[in-house]
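To start, the structure itself, in structure tokens.
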Amino acid sequence: MNKHFEDYKPQTFNQIVFEEHDIQQQLLGYASGSKRKNILLWGKPGGGKSLIADIIASSSRRENAIFSSDRATVINGDSWNKKSIDMILGAYNTGSSYVVIDEVDELKDNQKELTAFIDRYGRVGKLILTTNAAPASLLQRLVDRCDVIEIKLPTSQSNFPQVRKMFNENGCKHYTDEAIKTLIATTNGSWRQIETMFEDEIYYNAR
Ligand SMILES: Nc1ncnc2c1ncn2[C@@H]1O[C@H](COP(=O)(O)OP(=O)(O)OP(=O)(O)O)[C@@H](O)[C@H]1O
Ligand SMILES: [Mg+2]
């Protein structure tokens, strides 16, 4: 039975390969609970921001052992509505885990509402925001209330071992080491594009 890309996704913080050691150390502080701030993760599509946000939120939750579920509370920016603030407040009141707001640029004018909420309740640092947009295009007052961290796409071959393992274990014979290096280079390391190539290959092999 072939595996899927899903089976190779990092489940814990330590399984994530970071391009920059300093960023890894900083994020580890939030994931381990030794550091508590609102966080804004930004960077190009497919670099793993949503996944990293989810893992940090889930690990801080596990540490506190307040919830039975390992899932983080995640709100998608494009589904923001009147009830979203209530939902965040509810999550704040039931435990001390992070709440993820994915694609915060989609909030558009509602970024003001979120900023007002942070000023009222959020000073302890319980939000992880993600966005593709450069921080300069977001509401400045919102950005000011966060540690701003850029998640870069892999520029070197840092994800090579993981990608090679995926293709090798699933009998993708024409993905030689050279072909995998080319794949990483042409996708600029975007995990989402690597996912598409891998799933295509699995589908092709299974026929
Ligand atoms: N280190 C990793 N190893 C394997 N898969 C990963 C890794 N990081 C992310 N992924 C997977 O790659 C895909 C893209 O990652 P993700 O959605 O987190 O990127 P993103 O930065 O949030 O992109 P976008 O800006 O488009 O929202 C997802 O399926 C994710 O689970
Ligand atoms: Mg995302």
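What the table below lists for this structure:
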read-out: Top-ranked residue of the range 138-147 - restricted to ones that are in contact with a helix residue (DSSP H, G or I) (Cβ under 7 Å, 6 or more places away or on another chain) and away from ligand 2 (no atom under 16 Å from the Cβ), ranked as farthest from Gly29 (Cα to Cα); value: Leu139
read-out: Which listed residue is surrounded by 19 or more Cβ atoms within 10 Å (Cβ to Cβ) and not assigned by TED's automatic domain parsing to the domain that holds Thr182, from Arg120, Arg145; value: Arg145
read-out: Residue that is modelled with the lowest pLDDT, among those in the range 28-54 that are assigned to a helix (DSSP H, G or I) and farther than 12 Å from Thr130 by Cβ; value: Ser32
read-out: Test result for Asp105, assigned by TED's automatic domain parsing to the domain that holds Ala91, under 17 Å from Ile39 (Cβ atoms) and assigned to a helix (DSSP H, G or I); value: yes
read-out: Tally of residues being touching a residue at least 24 places away in the same chain (Cβ under 8 Å) and over 21 Å from the mean Cα position of the chain (by Cα) across the range 99-113; value: 3
read-out: Yes/no for Phe167 being free of Cβ contacts under 8 Å to residues at least 40 places away in the same chain, assigned to a helix (DSSP H, G or I), within 14 Å of ligand 1 (Cβ to nearest atom) and of a type outside the set (Val, Ile, Thr); value: yes
read-out: Matching option when the condition is polar (S, T, N, Q), out of contact with any Cys (no Cβ under 7 Å at 6 or more places or on another chain) and either away from ligand 1 (no atom under 14 Å from the Cβ) or farther than 28 Å from Arg36 by Cα (or both), among Thr131, Thr176; value: Thr176
read-out: Count - residues of the range 114-135 that are part of a loop (DSSP other than H, G, I, E, B), small (Gly, Ala, Ser) and over 20 Å from the mean Cα position of the chain (by Cα); value: 1
read-out: Residue ID - nearest to ligand 1 (Cβ to nearest atom), chosen from residues in the range 179-201 that are polar (S, T, N, Q) and in contact with a Lys or Arg (Cβ under 8 Å, 6 or more places away or on another chain); value: Ser190
read-out: Subset of the range 1-57 [more than 30 Å from Gly171 (Cα to Cα), within 16 Å of ligand 2 (Cβ to nearest atom) and surrounded by fewer than 17 Cβ atoms within 10 Å (Cβ to Cβ)]; value: Lys44
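The values are calculated or read from the model by the stated rules, or taken from the named source; none is laboratory data. Values in this document were obtained by computation on a predicted structure and should not be read as measured data. Cβ atoms come from the backbone with ideal geometry, glycine included; neighbour counts cover every protein chain shown.
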